[in-house]
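The values are calculated or read from the model by the stated rules, or taken from the named source; none is laboratory data. Note that this is a predicted model, so its numbers are computed, not measured. Cβ placement follows ideal geometry from the backbone for every residue including glycine, while neighbour counts extend to all protein chains displayed. These accessible areas exclude ligands, DNA and RNA; they are computed on the full protein's heavy atoms, side chains included. Shrake-Rupley method; radii C 1.70, N 1.55, O 1.52, S 1.80 Å.
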Amino acid sequence: MARKKTAAGTPATVALTRAGVDFTVHGYTHDPRAEDFRSYGEEAAQALGLDPSRVFKTLVAEVDGKLTVAVVPVSGSLDLKALAAAAGGKRAQLAEPAAAERATGYVLGGISPLGQRKRLPAVVDSSALDHPTMCVSAGRRGLEIELAPADLVGLTGARTAAIGRD
């Protein structure tokens, strides 16, 4: 996979470039009618013609009151109990949208696990390791990054665990 430079650099693409990680940027035209935060990842998979099991959404949750990033396939949903256990906590709930945006520096639908304003603990669903590459948001709606799962896990310091459900 070749590193692809883009005029539309984001903190996520800058972080990958600085780390010397190979990645590809995929752009598509975001449909503003797809404003339901549950559909951003599905929109990306469909627009790019990608298998939804290889496209991952980045969600911010509170685990025992501490913000934590969860990266799960867009084809499923986040198992909050599994996330809490993987993060070493007892209880998890999705974070308030404003808190997620403030902590990451990104808007909903464009939250990337990379290049966040404040590095949050992260858990990547273990199904990512089933694929040679995966896609995550590049830091804005309509822009995805394709990279090796091991690179994402390494750069974010994430744990991997079965936190997604169908």
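Our analysis of region 15-115 gives Rg over Rh at 0.98, with the two radii drawn from alpha carbon positions and Rh computed by the Kirkwood formula. Projecting the Cα atoms of 114, 131, 74 onto the charge dipole of the chain, computed from C-beta unit charges around the Cα centre, puts 114 farthest toward the positive end. Among beta bridges from DSSP that stay inside region 21-142, the antiparallel ones total about 75%. Think of a 1.4 Å ball rolled over the protein heavy atoms: region 52-166 then has 43 Å² of accessible area per residue. Compute the longest continuous run of the chain that contains no exposed chymotrypsin sites (Phe, Trp or Tyr not before Pro); treat a site as exposed when its DSSP state is not H, G, I, E or B and it has at most 16 other Cβ atoms within 10 Å. That gives 38-166 as the longest site-free run. A helix-only calculation puts the chain at -6500 deg cm²/dmol for mean residue ellipticity at 222 nm, using -39500 (n - 2.57) for each DSSP H run of at least four residues, averaged over all residues.
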